[in-house]
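The values are calculated or read from the model by the stated rules, or taken from the named source; none is laboratory data. No experiment lies behind these values; they were computed from the predicted model shown. Here the Cβ positions follow ideal geometry from the backbone for every residue, glycine too, while neighbour counts run over all protein chains shown.
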Amino acid sequence: MKKKLILLFSISTISLPAFCQTYITDVTVVDVEKQQLMPHQTVTITGDIITGIQSSEKIKIPASATIIDGKGKFLMPGMTDAHIHFFQSGGLYTRPDGLDLRKYRPYRDEINWLHNNMEDLLRRYTQNGITTVVDVGSTNHFLQQRDSFENKSYAPYIHMTGPLITSFESPEFDSLKDDGPFSLVSTAEEGKKMVQQELPFHPDFIKVWYIVNEDTEDSIETTAKKFEPVFKAIVSEAHKNNLKVAVHATERFTAQLAAEDGCDYLVHEVDDNLITDDFIQLLKTKNIIVCPTLIVEDGYDNTFGQRNNYSFYDLTKSNPEAIGSLMDLKHLPDTAYINKLKSWVNGRMSIDNHIDSVRMANLKKMSDAGITIVAGTDAGNTGTQHASSYITELKDMKAAGMSNWQILRSATINPAKIFNKENITGSIVVGKKADMILLDANPVDSLDNLTKIALVFHKGAIIDPDTLIKETPLALVERQVNGFNARNMDAFLEPYSNDAQFYAFPDRPFDRPFIKGKENMRKNYAQLFKIAPNLHCEIKQRIIQSNFIIDKEHITGIDGPPVDGTVIYEIEDNKIKKAYFIQ
Ligand SMILES: [Zn+2]
């Protein structure tokens with residue numbers, strides 16, 4: 001009898017009824033718990049549960065089943081980014097306390113953009129194999145929005161806290177009410193009340209900033225000790241309500257107090273001192289999980305120092321508006337201020353390298369000692385992109401000395417332990433959720449293979465990741481501008497069709513394009529990208545008219561005076577087909 005065979009290229013998203021069975025045949029299972037590969041397995045999914053893992057030779061497949069050919073492919077658990085923020089875009093205007101550019105973009109616009117684009121960001125996570133996210137500092141409004149994604153197969157599982165409770169708040173975030181990401185606390189009674197105030201919004205846990213205010217004359221120890229009774233009250237109230245407590249504490253001293261006083265999850269690692277064996281022992285005894293977040297500070301430094309060097313992957317997988325905004329520093333009018341920031345940040349590099357090396361050494365030590373390490377990016381902070389920055393974080397963990405197996409565990413089974421879900425998800429075991437990604441290449445050989453995703457199995461659906469993002473004409477044009485500004489030829493050309501044509505008015509009329517085809521564009525732009533390190537295109541004005549985007553462009557960083565021109569982009573079949581230049 002002919003079986004229902006699913007060809008990989010024909011899937012967009014298939015949602016299967018609970019009783020339907022899917023067989024992934026002859027696949028190599030990545031067993032993150034035993035740290036071994038199991039070749040030639042057939043994995044059975046019923047609804048959204050893994051109901052069988054057997055040697056492919058022995059298995060009989062019922063005629064009614066859906067079959068996915070897993071030959072030559074690798075099946076691993078869906079990944080988790082254990083530290084993100086939906087109230088931050090990853091763009092330039094998202095943290096006015098870091099760089100205040102509210103006169104160019106009001107903070108309200110940024111927050112509105114984030115609510116409007118939450119679905120887009122969620123789709124990007126799933127597209128990149130991240131099927132669970134942990135938002136460790138959010139707002140009441142985002143908690144409400146979270147609930148609307150619960151049954152959507154394109155959206156990862158979301159664990160989210162409310163506004164984070166802190167002894168310190170920057171004035172830029174004052175009076176935002178339910179859009180405020182911080183709750184300022186000064187007494188134990190207030191701490192208890194703030195936990196209670198979050199409860200109606202159903203947070204999945206409570207987050208505390210254990211931050212020592214550097215403005216006081218007291219020592220770190222004295223300031224940290226002063227906050228301890230408040231912290232204890234928050235932990236006690238959270239635990240009373242069965243909520244775990246995640247803590248930001250990056251000094252050795254505050255991290256120790258947090259650990260002693262009931263913290264469950266440290267969302268960053270210690271970076272002011274090399275950690276000692278006593279501290280490791282404390283983490284172990286208390287069963288505390290640690291997220292290193294290695295890349296987030298580089299994101300700020302590279303943006304403010306104007307030395308971002310995004311990869312093709314970043315430029316094509318992240319939200320184009322968010323990543324594109326980082327390049328605005330090249331044209332914002334506050335030249336003196338921005339240049340000062342640039343040289344200050346670049347001059348600070350040597351100190352940062354020191355902190356980086358402390359972080360790397362501490363991570364290696366914790367990982368070797370068997371502390372539960374989870375991978376998290378702190379995405380949303382300026383320069384750290386939702387979804388696409390995850391792979392950079394994993395590679396930094398590798399640079400710190402962790403093995404690929406350890407990193408794969410930190411991306412899968414370890415984060416399941418944050419919320420005691422390790423018996424439900426995080427590895428490929430019969431009875432667990434069928435929350436998995438099918439890869440075209442072996443992730444144990446190279447972390448880059450985590451980007452080669454053929455299919456995502458999530459919430460009972462089988463998803464082709466290429467179909468998750470709705471490509472709009474605007475997104476295509478934005479991505480080619482970003483590629484141009486990054487002088488990344490492949491990213492610049494990617495939105496164009498292979499036979500794209502460029503016309504110039506008034507010199508070259510419609511029938512005579514001055515460039516024909518993508519490969520000729522590559523030749524044409526190669527020299528410019530090579531010799532113009534400050535090349536920058538600013539969009540002065542934009543009109544969006546169905547499948548046409550009309551941009552008024554101002555190009556600097558080239559030999560001679562800036563060039564002003566208008567370009568009409570014509571989009572057809574999800575690619576830029578023609579571009580008309582008017583100068
Ligand atoms: Zn964070």
Is there a residue being surrounded by fewer than 16 Cβ atoms within 10 Å (Cβ to Cβ) and in contact with a strand residue (DSSP E or B) (Cβ under 8 Å, 6 or more places away or on another chain) anywhere in region 75-85?
-> no
Single residue of LEU315, LEU243, LEU329 found to be away from the ligand (no atom under 16 Å from the Cβ), under 27 Å from the mean Cα position of the chain (by Cα) and either under 23 Å from LYS421 (Cβ atoms) or not assigned by TED's automatic domain parsing to the domain that holds ILE371 (or both) = LEU243
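In region 407-419, is there at least one residue being at negative phi, within 16 Å of the ligand (Cβ to nearest atom) and touching a residue at least 40 places away in the same chain (Cβ under 8 Å)? Let's see the steps before the verdict.
Applying the first criterion (at negative phi) to region 407-419 yields 407-419.
After this cut, where a residue has to be within 16 Å of the ligand (Cβ to nearest atom) as well, the list is 415, 418.
With touching a residue at least 40 places away in the same chain (Cβ under 8 Å) added as a condition, the list becomes 415, 418.
Yes; the residues of region 407-419 include at least one that is at negative phi, within 16 Å of the ligand (Cβ to nearest atom) and touching a residue at least 40 places away in the same chain (Cβ under 8 Å).
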Look at SER427 and say whether it is crowded, with 18+ Cβ neighbours inside 10 Å and more than 22 Å from TYR310 (Cα to Cα).
-> yes
Enumerate the helices (runs of 4 or more DSSP H) found wholly within region 365-416, keeping only those where 3 or more residues are under 17 Å from ASN302 (Cα atoms) and out of contact with any strand residue (DSSP E or B) (no Cβ under 7 Å at 6 or more places or on another chain).
-> 390-399
Failed item, numbered, when LYS103 is tested on (1) away from the ligand (no atom under 16 Å from the Cβ); (2) touching a residue at least 60 places away in the same chain (Cβ under 8 Å) | (2)
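Would you point out which residue out of ASP314, ASP328 is among the acidic types (Asp, Glu) and more than 27 Å from ASP448 (Cα to Cα)? Steps first, answer last, please.
Numbers: ASP314 fails: more than 27 Å from ASP448 (Cα to Cα).
Only one candidate qualifies: ASP328.
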Single condition GLY98 does not satisfy, out of (1) more than 16 Å from the ligand (Cβ to nearest atom); (2) over 16 Å from the mean Cα position of the chain (by Cα) | (1)
Residue in region 195-202 that is under 30 Å from the mean Cα position of the chain (by Cα), in the same structural domain as GLN281 (by TED's automatic domain parsing) and closer than 18 Å to LEU283 by Cβ present = no
Determine the pairs where a residue that is more than 16 Å from MET118 (Cβ to Cβ) and of a type in the set (Asp, Glu), located within region 375-394, has a partner that is within 13 Å of the ligand (Cβ to nearest atom) and not in a loop (DSSP other than H, G, I, E, B) with Cβ atoms under 6 Å apart, the partner being 6 or more residues away or on another chain.
-> ASP378/HIS83; ASP378/VAL296
Restricted to region 111-140 and to residues being without any contact (Cβ under 8 Å) to a residue 40 or more places away in the chain and more than 30 Å from VAL290 (Cβ to Cβ), the residue nearest to the chain's Cα centre (by Cα) is GLU119
Give me a count of the residues in region 200-227 that are within 22 Å of ASN140 (Cβ to Cβ), out of contact with any helix residue (DSSP H, G or I) (no Cβ under 8 Å at 6 or more places or on another chain) and surrounded by 14 or more Cβ atoms within 10 Å (Cβ to Cβ).
-> 3
If you check every pair at least six apart or on different chains, which have Cβ atoms under 7 Å apart with a residue in region 526-545 that is surrounded by 12 or more Cβ atoms within 10 Å (Cβ to Cβ) first and a residue that is charged (D, E, K, R) and in a loop (DSSP other than H, G, I, E, B) second?
-> PHE529/ARG487; LEU535/ARG487
Leading residue by the ranking (surrounded by the fewest Cβ atoms within 10 Å (Cβ to Cβ)) among those in region 451-482 that are among the hydrophobic types (A, V, I, L, M, F, W, C) and assigned to a helix (DSSP H, G or I) = LEU474
Of the conditions (1) under 18 Å from the mean Cα position of the chain (by Cα); (2) away from the ligand (no atom under 16 Å from the Cβ); (3) over 26 Å from ASN309 (Cβ atoms), VAL374 clears all except one; give me its number.
-> (2)
Go through region 122-163 and give me each residue that's within 16 Å of the ligand (Cβ to nearest atom) and either more than 22 Å from LYS421 (Cβ to Cβ) or among the basic types (Lys, Arg) (or both).
-> THR139, PRO163
Search region 278-292 for residues being assigned to a loop (DSSP other than H, G, I, E, B) and more than 16 Å from the ligand (Cβ to nearest atom), and hand back the single one that is surrounded by the most Cβ atoms within 10 Å (Cβ to Cβ).
-> ILE288
So which residues in region 293-310 are farther than 14 Å from VAL481 by Cα and either in contact with a helix residue (DSSP H, G or I) (Cβ under 7 Å, 6 or more places away or on another chain) or surrounded by fewer than 16 Cβ atoms within 10 Å (Cβ to Cβ) (or both)?
-> LEU294, ILE295, GLU297, ASP301, THR303, PHE304, GLY305, GLN306, ARG307, ASN308, ASN309
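Which is within 15 Å of HIS386 (Cα to Cα) and assigned to a loop (DSSP other than H, G, I, E, B), of THR131, THR126, THR94? Explain how you work it out, then say what you get.
Working: THR131 fails: assigned to a loop (DSSP other than H, G, I, E, B); THR126 fails: assigned to a loop (DSSP other than H, G, I, E, B).
Exactly one residue qualifies, and that residue is THR94.
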Give region 488-519 a look and list any residue that's assigned to a helix (DSSP H, G or I) and modelled with pLDDT under 95, or say none.
-> LYS518, GLU519
Mind checking which residues of region 150-198 are in contact with a His (Cβ under 7 Å, 6 or more places away or on another chain) and either modelled with pLDDT under 95 or of a type in the set (A, V, I, L, M) (or both)?
-> ASP178, ASP179
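A quick yes/no check of all residues on (1) farther than 18 Å from MET489 by Cα; (2) in the same structural domain as HIS331 (by TED's automatic domain parsing); (3) at pLDDT 95 or above:
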| position | (1), (2), (3) |
| --- | --- |
| ALA532 | no, no, no |
| GLU553 | yes, no, yes |
| GLY557 | no, no, no |
| GLU570 | yes, no, yes |
| LYS577 | no, no, yes |
Among the listed residues THR372, THR382, which satisfies the condition of being of a type in the set (S, T, N, Q) and under 15 Å from ALA82 (Cβ atoms)?
-> THR372
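Pick out the one residue from ILE275, ILE234 that is modelled with pLDDT of 95 or more, crowded, with 16+ Cβ neighbours inside 10 Å, more than 16 Å from THR161 (Cα to Cα) and of a type in the set (Val, Ile, Thr). Lay out the reasoning, then the answer.
Values: ILE234 fails: more than 16 Å from THR161 (Cα to Cα).
Criteria check complete, one pass: ILE275.
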